[in-house]
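Chemist: Can you keep this structure in mind? I'll have questions shortly.
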Amino acid sequence: MESLINKMSENRAIALGVSGASGMIYAVRSIKFLLQNNYNVELVASKSAIMVWQSENLGNIPANPRQQEQFWREQCQENGGKLRCHQWSDIGANIASGSFRTLGMVVIPCSMSTVAKIAQGLSSDLLERAADVHLKEGRKLIIVPRETPFSLIHLRNLTALAEAGARIVPAIPAWYHQPLTIEDLVDFVIVRVFDQLDIDLDIIKRWEGRVVGAKGEDEHE
Ligand SMILES: Cc1cc2nc3c(=O)[nH]c(=O)nc-3n(C[C@H](O)[C@H](O)[C@H](O)COP(=O)(O)O)c2cc1C
């Protein structure tokens, strides 16, 4: 019994889906912070993600899982933690089965195509299948959509996912933490994403309320 409890408490696996939406930096920063915090990252990048990467970063994501692991590690400059990459077409991978336990799944960034396919339960590649598994198992599925503007179809598909239990956390940064760099903007979104999994990445200063008596506070009252 004790060893069973130990085994359950050891589960630190997180499924990470990277689809073909703009904003590959969101994926890179997510991998970096998860590895730094000793989570086991089970990563699948869609076929289109590889093309979007080429457009944004002028390089190639290798299809071979071992080479891909090396690739992501170089991108996020992180050697620690456990990272396992799966080929987009490998529907026999661990995360394709409900019997493989995870803490949840994050799709970041999430294209409207992937939103639509998950909402319809298509499971036509590993990313979609893993997302489908998280919904059917009642596990946490966090969708980070990136598109603008949204069409009515996009909004309906996002609504369908929210109704099915997914959390929708758009890649929309805030400004009140006074970002100075692109990473500051990206990290704000990442923190809000992993908050949904009760993972505190502790990389940005959180809002603690206005300072009472701050200069100019009552100027307009
Ligand atoms: C450079 C580039 C940027 C793209 N950005 C987005 C985006 O931000 N959001 C989106 O929904 N689709 C975007 N697309 C289109 C998707 O990649 C395309 O719909 C693709 O079929 C999505 O496949 P996937 O969802 O399986 O990854 C982009 C495509 C390219 C080439």
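Chemist: So in the stretch 148-165, with the set limited to residues that are among the small types (G, A, S) and more than 15 Å from the ligand (Cβ to nearest atom), which one is surrounded by the most Cβ atoms within 10 Å (Cβ to Cβ)?
Modeler: If we filter the stretch 148-165 for residues that are among the small types (G, A, S), which is where we start, we get 151, 160, 162, 164-165.
When the remaining residues are screened for being more than 15 Å from the ligand (Cβ to nearest atom), the result is 160, 162, 164-165.
Working: A160: 16, A162: 13, A164: 14, G165: 13.
Top of the filtered list is A160.
Chemist: Here's a check for you: in the stretch 49-78, which residue that is of a type in the set (A, V, I, L, M, F, W, C), within 16 Å of the ligand (Cβ to nearest atom) and under 18 Å from the mean Cα position of the chain (by Cα) is surrounded by the most Cβ atoms within 10 Å (Cβ to Cβ)?
Modeler: The selected residue is A49.
Chemist: Right, next: Could you tell me how many of the residues in the stretch 42-63 are modelled with pLDDT under 95 and closer than 19 Å to A130 by Cα?
Modeler: 2
Chemist: Quick check on S123: is it under 22 Å from I190 (Cα atoms), within 14 Å of the ligand (Cβ to nearest atom) and at pLDDT 95 or above? So that I can check it myself, show each step before the final result.
Modeler: Working: under 22 Å from I190 (Cα atoms): no; within 14 Å of the ligand (Cβ to nearest atom): yes; at pLDDT 95 or above: yes.
No.
Chemist: I need the full set of residues from the stretch 166-191 which are surrounded by 13 or more Cβ atoms within 10 Å (Cβ to Cβ), touching a residue at least 24 places away in the same chain (Cβ under 8 Å) and farther than 17 Å from I108 by Cα, in order please.
Modeler: H177, the sole residue that qualifies.
Chemist: A further question on this structure: In the stretch 126-136, which residues are charged (D, E, K, R), closer than 14 Å to A45 by Cα and either within 11 Å of the ligand (Cβ to nearest atom) or surrounded by fewer than 18 Cβ atoms within 10 Å (Cβ to Cβ) (or both)?
Modeler: Selection gives E128 alone.
Chemist: Right, here's the next one. Taking the condition of being under 18 Å from Q54 (Cβ atoms) and β-branched (V, I, T), how many residues in the stretch 21-43 meet it?
Modeler: 2
Chemist: Taking the options S46, S113, name whichever one is within 15 Å of the ligand (Cβ to nearest atom), under 18 Å from the mean Cα position of the chain (by Cα) and surrounded by fewer than 22 Cβ atoms within 10 Å (Cβ to Cβ). Give the derivation first.
Modeler: Working: S46 fails: surrounded by fewer than 22 Cβ atoms within 10 Å (Cβ to Cβ).
Selected residue: S113, the only one of S46, S113 that is within 15 Å of the ligand (Cβ to nearest atom), under 18 Å from the mean Cα position of the chain (by Cα) and surrounded by fewer than 22 Cβ atoms within 10 Å (Cβ to Cβ).
Chemist: I'm checking my understanding of the structure. Among residues of the stretch 17-41 that are among the small types (G, A, S) and not in a loop (DSSP other than H, G, I, E, B), which one is farthest from R129 (Cα to Cα)? Walk me through it before giving the result.
Modeler: In the first step, residues of the stretch 17-41 are kept if they are among the small types (G, A, S); the result is 17, 19-23, 27, 30.
When the remaining residues are screened for being not in a loop (DSSP other than H, G, I, E, B), the result is 17, 27, 30.
Working: G17: 11, A27: 19, S30: 21 Å.
The residue in question is S30.
Chemist: Given the criteria away from the ligand (no atom under 15 Å from the Cβ), surrounded by 16 or more Cβ atoms within 10 Å (Cβ to Cβ), not hydroxyl-bearing (S, T, Y) and not in a loop (DSSP other than H, G, I, E, B), does R139 qualify?
Modeler: It is false that R139 is away from the ligand (no atom under 15 Å from the Cβ), surrounded by 16 or more Cβ atoms within 10 Å (Cβ to Cβ), not hydroxyl-bearing (S, T, Y) and not in a loop (DSSP other than H, G, I, E, B).
Chemist: Here's another thing I want to ask about it. Taking the residues in the stretch 170-195 that are farther than 21 Å from E208 by Cα and touching a strand residue (DSSP E or B) at 6+ places or on another chain (Cβ under 9 Å) as candidates, determine which candidate is nearest to the ligand (Cβ to nearest atom).
Modeler: Step one: filter the stretch 170-195 for residues farther than 21 Å from E208 by Cα, giving 170-171, 181-183.
Now restrict to residues that are touching a strand residue (DSSP E or B) at 6+ places or on another chain (Cβ under 9 Å): 170-171.
Values: P170: 11, A171: 9 Å.
Among those residues, the one meeting the criterion is A171.
The values are calculated or read from the model by the stated rules, or taken from the named source; none is laboratory data. Predicted model, so just to flag it, every value in this text is computed and none were measured. Cβ atoms come from the backbone with ideal geometry, glycine included; neighbour counts cover every protein chain shown.
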